[in-house]
Every structure is written in structure tokens, then in C-alpha cells.
Amino acid sequence: MADQRNANGQPPNGTSTGAVNAYSINLEYFSKRLKALYTHWNHHKSDLWSSSDVLAIATPPASEDLRYLKSSALNIWLLGYEFPETIMVFTKKQIHFLCSQKKASLLEVVKKSAKEAVGVDVVMYVKAKNDDGTSQMDAIFRAIHAQSKGDGNDAPVVGYIAREDPEGKLLETWSGKLKSASIHLMDVSNGLSDLFAVKDQHELLNVKKAAYLAYSVMKNVVVPKLENVIDEEKKVTHAALMDEAEKAILEPSKAKVKLKAENVDICYPPIFQSGGQFDLKPSAQSNDDFLYYDSASVIICAVGARYNSYCSNIARTLMIDANSLQTKAYEVLLKAHEAAIGALKPGNKVSAVYQAALSVVEKDAPELVPNLTKSAGTGMGLEFRESGLNLNAKNDRMVKAGMVFNVSLGFQNLKCGTENPKNQNFSLLIADTVIIDEQNVDVVTGKSSKAVKDVAYSFNEDEEEVERPKVRAEANGTDPFMSKTTLRSDNHEVSKEELRRQHQAELARQKNEETARRLAGGGTGAGDNRAAAKASTDLIAYKNVNDLSLPKDLMIQIDQKNEAVLLPIYGSMVPFHVATIRTVSSQQDTNRNCFIRIIFNVPGTPFNPHDANSLKNQGAIYLKEVSFRSKDPRHISEVVQLIKTLRRQVMARESERAERATLVTQEKLQLAGNRFKPIRLLDLWIRPVFGGRGRKIPGALEAHVNGFRYSTSRADERVDIMYGNIKHAFFQPAEKEMITLLHFHLHNHIMVGNKKTKDVQFYVEVMDVVQTLGGGKRSAYDPDEIEEEQRERDRKNKINMDFQSFVNRVNDLWGQPQFNGLDLEFDQPLRELGFHGVPHKASAFIVPTSSCLVELIETPFLVITLSEIEIVNLERVGLGQKNFDMTIVFKDFKRDVLRIDSIPSTSLDGIKEWLDTTDIKYYESRLNLNWRQILKTITDDPQSFIENGGWEFLNLEASDSDSENSEESDQGYEPSDVEPESESEDDASDSESLVESEDEEEEDSEEDSEEEKGKTWEELEREASNADREKGDDSDSEEERKRRKMKAFGKSRAAPSSSIRKRAKLR
């Protein structure tokens, strides 16, 4: 509906009635807002509406110019569309419309609603095409005078918009009639401004969508474009950047926003300024000068977007190699901007907003007060600048919930202290769209970071790194310009691989210093609780002898109630708690005698940990085993079954109790209640699933005040996840997967059913699993097949949109001030950086996010926090290898390393690039290392580890350069079955401690040859594999992987000869 240049949507002026029917007035909104208009008019008639008895609002013809008119704003606010060349006259008893026939037919529907809402009659005056409307205007004035005479007033006061000049024949005639009639004309602009100032929920939703579009254009179009221009040193004009940003607003898909293009427009042409010429007014224009981005330069970019005619605004300042003055000024401005937003609270005066910003500048940088803008912004809505809501020091109006402000603050014409005219002067500007809620302030464009670290770009450090090889080369007496690997242009541009190598060298130095500090402090990280003893309660079957009911027969009895087994020993029934029993079994001999054997848990038993009860009674004598004989096999079988069942139930209960005992106590969930309607997402499945044998049913996820609640229709299936316990939150839409999911990785374990977990996932299957019963192939042009595919696409898109909407609303909730310390935001995996690998047992697609490395489809889930990684070692990297492994070493050395196996070698460069950009130090090796032994060595003697260069023992390049003149490097190719003569026994033993192997050291070659005749295929294969590993030639062929996989699953292999025949047959 939005006209591209006029501020608001308008009905078409086509000839067909079908075109008119495409537009419909929302009568619910019309009634509600018409009532609000008359109520506001009656209550504030004298102070805001200039004591007007009549309101006369005339809307000019449509225009291609970008303009904001209160008459157009009233049309859209009341009717939903702009009605050009239409006159509306509001009296106490009637509403008069003067317009064309087509508009009148569209407005007919409001008659009944107007009568029901405020008790007024709607009168239509239809103007012919070439008529100036004089006769209809005379009729309107007669009605006005008739009403005023009835009220005893001969000269009625007519309110109009004084600042809007008449345009077109109709409005010029109307203006002449107003001035010549016997009436008093008064301006009612203040009344309309106050009426529009407080928005309802529908209006605020439009503002939020507009703000999301502006934020997305800034994030996905403007900033990447500027970074690309600066990085590649392109010459681009401010006007060209403006055009590209404007196209992204008018075509939201370019900014990765799913809004209809016909509903959006620009608030103003996007503003780009640099090179010392700055204008901080919204009326500023982007000139044809080239973008200037040399050292100490400043770039200001501002974007304003509208949705359904409601405005939003965002402005950011980028600093290139900023000096101390620029950095300080920006920090002060950012602090003042946040103070201004903090003062926007219901009940405060508007002047307090600017005063809060001014106080920060006066305190932190008084010398910058003269350069501070005289206003901190304006109110905003259907108009980009709502009159009466200017955030200056003189405005005494009150801030109310439902208002929207463009909080814009800047420093104008600061002196940089350089002689270059392009950066001699600079200005700074920050602007955000802010919605005032009942309790707090919602900065709807706040997701676009304005922190110094995110807007200050530094390129001097890279130049210094480029020059380092040059200085080192000159010191060695060589010509630095002859190194093709270092320099590839006259500008000394360093190759990508060389830059990565230099960055990794710097990371290695920093990592070794960090590790040395941590080890010197006596800590190895956060540690884990593997050594913590499980707390258990005393196992008591009977509290005293009187509770024991002695059976008549001396037979083995099971007391289900007290969880005890009564055994007849020397004529007495002796009770044993079932948890003290380790195993129970029965067997039958040839004489048809049955035996039952019971083995108890006693201290000193292999693989049996000491529980709290055994540690309490260390001097006691324990019964280890007892056997009974019986001639009744049925009774023996029944006893064994009862004991096993009872023991299983008790152990499961005690295990769950022990798990719950280690849980961290969570805060209580505060339900939304009357504060706000909880944000809901319906028909979700949960992983891990709840226990029980009943049919699984989906549930709903709700976002409340301090946490999420997932519940199904069953009372016992409920999970609460506190916001404070969420470490990472992920949203992964279905692209090449079957599910769309939300995943929460927690700080502390919680119980889902009877399972203890740190990962909770909610998902929806976007496609149903369908099995074709016909069995035949279907044509690609089958209409049913095409329709089914379309339905699946629509279902997937709808589910993804529902999840995206939920995520956006929760992100808005998390953006409130009370959650600032939690640093919560849904992270979305970056599929383009993903790679295949085997983190557990099955191959999976592993994807990085901004802060983690995750795999959220297959279970068990994989979530690795990047900040917890010490180093990454890429193993089995070499020529001819199809796959390699990634070993992740954590800062907590007590934590086991994580191995991701079988990563395709084609992903190697991408993984290296990703690790380098995330500042993670990586190494490469040709072998798999025994990391448990390595970490044990480091923790046992950290001083030696530090003195020997820290992690540099993993540096393959350094070790290659040290050994390049040795004999081994000149030997060339050696067959795999020839033992390398240069490898001594000491070297073999040293490598044995670092290289993983499943068997013990090999025996001497003579002993091997003597034993080869009696060895099985498995033993020979294992020895050959170990020999290859020691020689660094782990070929890892596909055949070996298949054999290992078959062995892991317990499958028997075929004989070698048969396997050879099968391969030949397949070929």
C-alpha cells in the first residue's frame, strides 16, 4: 500500500471497481481511534485544540516528493490509507467527507461504525471530476453554521493545520472559502501531535518491524559494504552507497528480511558522510565525494526505514585508526547516549532526557559541551519528527508509555589536530529507535552494536605485521623484495597463507604466556567433579529387630516393602538390604539339585568403588558370598527373578537420587501473569525425551519473566529452564535437515524426566516421513508429486518463520536492562563454515557459531565453547590422506580432550581459516597423539613444560626445519614392509609414549618371525597397523576403516580370500 515517495499508502485511482474492493478499512481500528479522537478533543479542547468547535482537515494531492503531513498521518491513523484530495470536517454531531466517487464508495462502510462509536452521522459529498467542489463546500459550511447556531454561537471556531499550504484546485478553493467565511480559524497541530504520540500495540508492532528492517540493512548491507570497500581500497562515492542502502530498504530480501516490499519505504535517503564534511541533521544529503577512510578518519552512516508508514531510525559512526581524542569523544558520546535512553521513563519530563546526556558530557569532557547537539532527538511515528516531542532542554511535556523516540545525539565540528583537510574536522553521531514500555525502555535497534570495539577499525597493526619479515630479512643481509611468499605487490601486500602463519605465531606466543600464568598460579582450569564422592544415604532395611517379621519356614524370602532379602543362616533369618547384593545367579547339577549363589558388595572387590557405608565401617568383617541348595527349581528361579527386579528398582531410584543430589538449586520460575502475555511456541518435541511407556505427545514452550517452561498435557511432563542457567542458546532453521530446533546448553545440569542433562532441545519435524506403497518410480512432472513438494516447502517455511518470530521476541525480552549481565542471545549456526566429522560414533555435520562449535541434529549433542579451548591439534595431516582428525584440548587439563575423527581433507583449509579468525591456535601433526599421557606430563611437571617452549613441541614446521638436513629426509620412499634402520629402540620407546596404540610394544624381529606361523589374521593385521603408525605412514585406507567399524560393532569378518574375491567382483 505504501507509495514509494509519498509518506503513506493510498487507494488506487483506477477505473475498475475491483481495484477499489482490494482495499478495505479495518472498522475495529476505525471505531477505536475515532473514539480516541473525540475523547482527546473533548478533554483537551482549550489547551491543545485551540477551543475548536470544528476540525477541518484537507489532504493535498499525491506527490512523488518525500514529505510528512499531519493531514496524511490522520488519514492513515484513522482509516488505514491516505486519501488524497479529500476534505474531512469533524463536528460534534457529524463527519463530512468531500471526495471523488471512488473514495466515497470506499468510505461508505464507516457510517455504521461512526454512529456506534461516538454517535455521529457520516455525510458524503461527491465531487465530479472537473468540478471545483464549490457547491459541496457551501453545503458543509451551512451545516457548520446550523450546528453552531444551535449551540448559541454565531462565529464557530474551526481548527485546521496552519502549516500545510493548499495544493491543487480543490484545496485552494477550500482555503479561500475558509478565509472568507464568518468563522475563526485556529491551528490544531498540537492536538494532532499529542493524539499521535501514544501508540497502541498494533502501531508499536509496525515500529518494531520498521526498526528490524533498519537494523538489518545496517548489519547485513551497510557495514559489510563499508568493510569491503575499505579492505579492498575501492573508490566509492557517498551517493553510490546511499543508492545501495536505499535499494536494500525497498527490497527487504536484500537485507535478509522477510517483509513485503509494498509495505516498506525509506524515512529519508540514507546518509553517508566522511572526509571532514559533516551535517548531523536528518535533512543532510550524501554528496558525490568519494568515501574517505585513511588513518584518523570518521564515517557516519544513518538509515531510516518505514513499515506501513511508521518510522524508525538508526545511525552509527565508524572510526578508522582513531586517535586518542576521537576515541575519548566517542566513549563520552556513547555514555551520554545511554544516559539519555535511561532517562526515558514514564512520568519523567522530556527535558530530563537531554539534561541527563548534558550532565555526562559536563562531567567527563566539559570541553566538548559546545559541540554537543542541542537536541537528543525527537518523537517518531507516522511522522519522522513529531512536533511537540523534541528532546531538548526546554520541553516540559511528560514521557508516557507507548511513545516512540528517535534518540539521536552527536558532537559537531570537533578538531582532530591534523593538517590534512580531509580529517582536520570530524563529527560523531549515534541514533537509535526507542519504545517506552510501562516498566522499561525497549531499544529496538539496540542489537546493532555501538561499542567502541565494534565501530573502531585499526589497520596499523596489520601494517606492522607486514613489515616484520622485511626487517628480519634486512638483518640477515638479504633483499626483502625477493621473497615471493612474503610480498606479492608493490604495496607489500602479504599472501593470505603468510598472514595466517604470522597470526598463528603471535597466537602461539600469547597462548604459551597465558598457559604459563595459569600453571604458575597452581590451577589447570575450572576443573571437573569426577573425583567428587557420591553422597549416599545409609542402607537400612529394618530400624530395629521388632520390625522384622520372621517367617515360619527357613526359606529365602523377599521383603518388597523394606527392600530386604531374608537369608536362613544357622537357623536364623538374617536380613540383607538388596543394595548390598552385587550379583545373584542360579544353576542346576546332574542330580537335579538347584543352587543359588549370592555375591555381595565388599571393600576391595575389583571395579567396585568404595561407597560411603563401607568407608564408615572399615574394621568390620564382611560376608562376601553365600550359596544355598534346593530341590525346588521353580522356587529358586522365582527368588532370583524377584531379587534382580527389586535390586534394579532400588539401584535406579538411588542413582536418580544421587544425580539429583548433585544438582545446583535453581531459582523459582516467575510466571508472566499480568505483567505481559508469555511468548509461546506450540507443538514442540523435546530431547532428551521424558521417561515412561505411554505415547509421546508434543508440548508448548513459553517464555516467562525469568525463564522458559516446557509442558505437555500430562501434569508430570514439565521442564523449567532459567535464563540465568543458560550458557548458550541456538536457533537452527531447517535447510538440509528434517527438523527446525531451539537448543539450550546450560551452565548446570537439570533433570528432564529422570535424566540429568546439560543440553535441552525443542524441535519440530518440518517434513513427514512418507513411504510410497506403489513401489514404482514417479515422474518428475507428476502433478501430485509437485503439489506434495510445494506443501512441504510451505510447511517448512511456515515453521521456520514461527521459530524466527519466537526467537526475535525472546531476543527483545533478553535485551531488557535486567538481563544485561547474562549476555543472552540466540546464536545461529553458520552452515557455510560447517564440515563433516565423527565426534562420537556416527558421522555428523559440525557447524561453527559465533561462540561455539556445535552439532545439534544427532545425539549425543556436541556443544564446545570456543573460549574454553586451549589449542586445537589437526592430526593425520599429510599428502595422500583423504581424512584427518581434530583434537581439541581444553584449558581445563583435567578434562579429557575431544576428538573429531574422519574429517575430509577438503575441509582442512576452511577449518584453518576459521580457527585463525577466531584467534584459536592450531598445530598439525602426522600422527594421533596420546593426549592423556601428554596432559599428565604437563600437570605433573608444569615448569619443564614451560621451559621447553610450551606447546611448540607440536609445531610441525619447526620440527621439519630442524631435521631437513638429516639422513632420514634424504632417504626418499621406503616400502611399508621395510623397517627403517635409523630408528633406535630409544626413539621407538619415546614415540610409544606419545603415539596411541592398542597393544604392547612389539617383540624383536626374530621372535616375531618365529611366531608368525601360529598367528591369526587379526593379530597380523594389528601388528602391521602398529608398524605403520610408528613409521608415520598411517594410510588409513577405506578398507581398514570398514574393518575397524565391523570390529567395533562385533561383526565377524570374512576370510581374506573371500574378501579379495568380493572386491574383484565389485570392480
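The values are calculated or read from the model by the stated rules, or taken from the named source; none is laboratory data. Model, not experiment: these values are computed from the prediction. Don't worry about glycine lacking a Cβ; one is built from the backbone with ideal geometry, like all the others, and counts go over all protein chains shown. Heads up: the accessible areas ignore ligands, DNA and RNA and are worked out on the full protein's heavy atoms, side chains in. Shrake-Rupley method; radii C 1.70, N 1.55, O 1.52, S 1.80 Å.
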Review point. About its Cα centre, what dipole magnitude does the stretch 305-444 give when the only charges are +1 on Lys and Arg Cβ and -1 on Asp and Glu Cβ, stated in debye to the nearest 20?
Key: 280
**Study point:** Nearest-20 debye value, the stretch 160-256 charge dipole, Cβ charges on Lys, Arg, Asp, Glu
**Key:** 200
Check your understanding: If you plug each phi of the stretch 105-110 into the Karplus form 6.51 cos²θ - 1.76 cosθ + 1.60 with θ = phi - 60°, what whole-Hz ³J(HN,Hα) values come out, in order, with x for Gly and Pro?
Key -> 5, 6, 7, 4, 5, 8
Check your understanding: So for the pair S549, K894, with labels modelled 7 Å out along Cα→Cβ, what separation do we get in nm?
Key -> 4.9
Exercise for review: Calculate, in nm to one decimal, what Q510 and L830 gain on full extension: separation in residues at 0.36 nm each, minus their alpha carbon distance.
Suggested key: 112.5 nm
**Study point:** Near-label residues of the stretch 849-877 by backbone N, under 19 Å of a point 7 Å along Cα→Cβ of R501
**Key:** 874, 877
Check your understanding: Rounded if a/c is under 1.5, else prolate if a/b beats b/c, else oblate: with a ≥ b ≥ c from the C-alpha gyration tensor eigenvalues square-rooted, which is the stretch 219-341?
Key -> oblate
Point to revise | Phi-based couplings in Hz for the stretch 246-262 (Karplus 6.51, -1.76, 1.60; Gly and Pro marked x) | key: 5, 4, 5, 5, 6, 10, x, 4, 5, 9, 6, 10, 9, 10, 6, 5, 6
**Study point:** Difference of contour (0.36 nm per residue) and Cα-Cα distance, S253 to K736
**Key:** 171.8 nm
Check your understanding: Mind listing P(r) for the stretch 777-869? All alpha-carbon pairs, 5 Å bins, whole percents.
Key -> 2, 11, 13, 13, 16, 14, 13, 8, 4, 2, 2, 0
Check your understanding: So if R0 is 35 Å, what FRET efficiency would Q816 and E362 give, r being the distance between their Cβ atoms, rounded to the nearest 0.05?
Key -> 0.75
Exercise for review: Could you rank the peptides 409-418, 214-223, 882-891, 819-828 by their average count of other C-beta atoms within 10 Å per residue, with the highest value first?
Suggested key: 214-223, 882-891, 409-418, 819-828
Point to revise | Length released on extending from S902 to L205, taking residue separation times 0.36 nm less the Cα-Cα span | key: 246.1 nm
Practice item. Provide the packing ranking of 926-934, 425-433, i.e. peptides ordered by the mean count of other C-beta atoms within 10 Å per residue, highest first. Key: 425-433, 926-934
Practice item. Please list I540, I314 in order of solvent-accessible area, largest first, computed with a 1.4 Å probe with all protein chains present. Key: I540, I314
Check your understanding: Which entries in K258/K796; K374/K453; K561/K756 show an alpha-carbon gap greater than 18 Å?
Key -> K374/K453; K561/K756
Exercise for review: Quote the relative contact order of the stretch 794-944 in percent (integer), defining contacts as alpha-carbon pairs under 8 Å separated by 6+ residues.
Suggested key: 17
Practice item. State, to one decimal in nm, how far the label point of K45 lies from the label point of A393, with both points 7 Å from Cα in the Cβ direction. Key: 4.0
Practice item. With a/c under 1.5 counting as rounded, go ahead and sort the stretch 19-80 into rounded, prolate or oblate using the C-alpha gyration tensor (a ≥ b ≥ c being the square roots of the eigenvalues; past the cut-off, prolate if a/b is larger than b/c, else oblate). Key: oblate
Exercise for review: Extending each Cα 7 Å along its Cβ direction at A672 and K234, get the distance between those two points in nm, one decimal.
Suggested key: 4.4
Review point. Taking R0 as 51 Å, what's the FRET efficiency between K129 and A700 from their Cβ-Cβ distance, rounded to 0.05?
Key: 0.35
Study note, to complete from the structure: Shape call for the stretch 276-378, from the Cα gyration tensor axes a ≥ b ≥ c (a/c under 1.5 means rounded, otherwise prolate when a/b beats b/c, else oblate), comes out oblate
**Study point:** Kirkwood-Stokes translational diffusion coefficient of the stretch 375-435, alpha-carbon pairs, 25 °C, 0.890 mPa s, µm²/s
**Key:** 183
